[in-house]
Structure formats: structure tokens, C-alpha cells
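A.B. asks: One structure coming up, written as C-alpha cells, with questions to follow.
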Amino acid sequence: MENYLKTQWHPAFCSAFKLELHEDVNHLTYITEYNINSKPLQADMLVIKKPQNIQLKNQIGKLFKGHNIIEYKSPSDSLNLDTFIKTIGYTCIYKAHEPRVDMIKLNDITLTFVRNNIPQKLFKWLKNKDFEIIEKFAGIFYITHKYCFPIQMIISGMLSKDQQHWLTLLRNDLNKEDIKRAISNIQQLHFKEDKDNADSVLQVAIKENSILFEELKKEDDNMCEALRKLMEPEITEELAKAKEKGLREGRAEGRAEGRAEGKLFNLFRLVQKNLLTKEIAANEAGLSVTDFVVQMTKHGYHIPE
């Protein structure tokens, strides 16, 4: 039985980050959940810039050098002094953990933090310790000190939505214009990898703003249809998986009920993830909406508001 799961912010963040830097995709290598050394010290993302003399087009990449450690904090995560110092430590270990001394130059490393809001207490501490903090671009703060490598703090809630299309969607307080903008941007994507990354971002946006999405579906038929088309490939894939799972379970149990049950559970999951409305899922299952909701609740699945 599949229960309501905690939002997986970090995969969506990695997808959004790649989309923001899409124009320089040929110059960058991404390594997510990068192990800093042989022990389990892990950064959310390592971005290697190549060739190093290229300046990235997107504002969040202007600071980047050859080796760039990225640390993401979801809306529920805090960013305090200890977390800040720990991540600096990870970056130092990354620099030192090479087969040759000074193989990675200190001036070829940057550290980027990404979070929704300004960490006021941390900024106050940094200023008291002679760190200089400058808002270089909207929502992008450069943090410098004569004894430290370059650091930037990206505050997604303050970013320009015209400049940063994806990181600004990783919030739980989106408005209708944000959703319309997201759909418009996704419709302009052409490459499969970009579409997959956008889908990852959209899934989190839908889950964390489910009430807003439901309101839009009711108010705007065109918006509802656009969402359905965007999600159609995943819905088709999930329904195919449901059918196959049902067949496997049916064969294992030697009865038709197994096939139906396997499909039904996958329909529950699609509704829970806001990929299908309960009306469409009920029709697919051959049940009334009331009976479908009763069965879904009975088996411990979450019904979006």
C-alpha cells in the first residue's frame, strides 16, 4: 500500500537548476548528490564548468568558475550558521580530496546556496564578521571575504520571474499567473531532457499548490486542457504500468480480481499525485466517483483538496 509521501524537493530543484542554465548546457557537467570524499559527505549538486573561460548566460551562473558546489534548502529546511559553516567545510574537503596537492585551485571554486527566503540571522552574523553582502541581481546575493572563496545566496522568492523561470516555481505559495507562466514555458520546450526536467518541477508545484491547481481547473477550461496535455505522456505511462502490474498480479494469483486490483491501486496513485482527476480515474476503473473515493480512502490514499 502506498501512502501520502513527503514532497521530494531536491530532485525538482536539480531539474529547475539545469533548466535555468539550459543555454550553456554544452559547457556544463552536473553531478547530483555528489560524494565529497570516500566518506558519506554529500553536496546536493556539483556543477563543472567547461571550458572555464566561458561566462554563463544566466544570472545565477555568472559567478561560476571551474568547480561549483550547490546546496539547496527546501521551504521546510533552515539555513543557520552551523549549516553555512558545514557546507563551507564540505567545499574545502572537495578542494583537498584530490591525488595531487593544489590540483583544484582555491580561486577556481564557488559555493551557491539556494533557499526561498533571506536567512536574516545568518546575514547579520556574516556582516558582523566582515563578510560583504551585495545583491548583484534580483534575489542573487554575492557574499565575499578576503579569506574565503566566492559564495552566492540565491533567494528564490526574490528572483526575477522573467529571468528565472523554474526555480521560482519551487514554492508552496504560487499564484495563478505563476501557473499560467509555467505552462507557457513548458509548452516552448523541445528536447526530451528539458521536458523531463520541467515535468519534475511541475509535479512539485502541483503537489504543493494543489488547491490553486484545482481552482484553475474549475475556472479555466483552456488551462485544464493545457495541464491535461502536458501530463498526458506521464498519465499514459502510468496507466500502462498499472495495466502491466495488474496483469502480473493477476497471473500470480490466477484470477481476474488481481488484475483489476493492481490497476485500481495505480489509479489511486495517479489521483493522489494530481495527475488524474477522480472523475477520469473513476471512469477508467468502471466505478462511480463516490465508490472510487470510498475505495481510495479505504486503502489509505490521500485525496487532494
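A.B. asks: Determine which member of the set Glu98, Glu132 is farther than 23 Å from His22 by Cα and open to solvent by 80 Å² or more (accessible area, probe 1.4 Å).
C.D. replies: Only one candidate passes the filter, namely Glu132.
A.B. asks: While we're on this one: Could you count how many residues in the stretch 61-95 are open to solvent by less than 20 Å² (accessible area, probe 1.4 Å) and more than 23 Å from the chain's Cα centre (by Cα)?
C.D. replies: Number of matching residues: 2.
A.B. asks: Can you tell me which residue in the stretch 140-159 is nearest to Asn117 (Cα to Cα), limited to those that are among the polar types (S, T, N, Q) and in a strand (DSSP E or B)?
C.D. replies: Gln152
A.B. asks: Shifting gears a bit: Looking only at the stretch 149-170, count every residue that is open to solvent by less than 40 Å² (accessible area, probe 1.4 Å) and over 27 Å from Ser76 (Cβ atoms) and tell me the total.
C.D. replies: So the count comes out to 2.
Okay, residues lined up against (1) of a type in the set (Phe, Trp, Tyr); (2) at pLDDT below 90; (3) touching a strand residue (DSSP E or B) at 6+ places or on another chain (Cβ under 8 Å); (4) within 30 Å of Thr277 (Cα to Cα):
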{"site": "Phe141", "(1), (2), (3), (4)": "yes, no, yes, no"}
{"site": "Leu169", "(1), (2), (3), (4)": "no, no, no, yes"}
{"site": "Asn172", "(1), (2), (3), (4)": "no, yes, no, yes"}
{"site": "Asn185", "(1), (2), (3), (4)": "no, yes, no, yes"}
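A.B. asks: Out of the stretch 272-296, which residues are open to solvent by 10 Å² or more (accessible area, probe 1.4 Å), of a type in the set (A, V, I, L, M) and in a helix (DSSP H, G or I)?
C.D. replies: Residues satisfying the conditions are Ile280, Ala285, Val289, Val293, Val294.
A.B. asks: Also, I was wondering about something else. Which residue out of Leu19, Leu5, Leu46 is farther than 24 Å from Asp102 by Cβ and either at pLDDT 90 or above or touching a strand residue (DSSP E or B) at 6+ places or on another chain (Cβ under 6 Å) (or both)?
C.D. replies: Criteria check complete, one pass: Leu19.
A.B. asks: Of everything in the stretch 169-202, what is closer than 21 Å to Glu219 by Cβ, in a loop (DSSP other than H, G, I, E, B) and without any contact (Cβ under 8 Å) to a residue 24 or more places away in the chain? Give them in sequence order.
C.D. replies: none
A.B. asks: OK, next. Cβ contacts < 9 Å: first residue under 18 Å from Lys217 (Cα atoms), restricted to the stretch 276-299; second residue among the polar types (S, T, N, Q) and open to solvent by 70 Å² or more (accessible area, probe 1.4 Å), any location; separation 6+ or different chain. Result?
C.D. replies: Qualifying pairs under 9 Å: Ala282/Thr290; Val289/Asn283.
The values are calculated or read from the model by the stated rules, or taken from the named source; none is laboratory data. No experiment lies behind these values; they were computed from the predicted model shown. Don't worry about glycine lacking a Cβ; one is built from the backbone with ideal geometry, like all the others, and counts go over all protein chains shown. Each accessible area value is taken on the protein alone, full model and side chains, heavy atoms only, with ligands, DNA and RNA left out. Shrake-Rupley method; radii C 1.70, N 1.55, O 1.52, S 1.80 Å.
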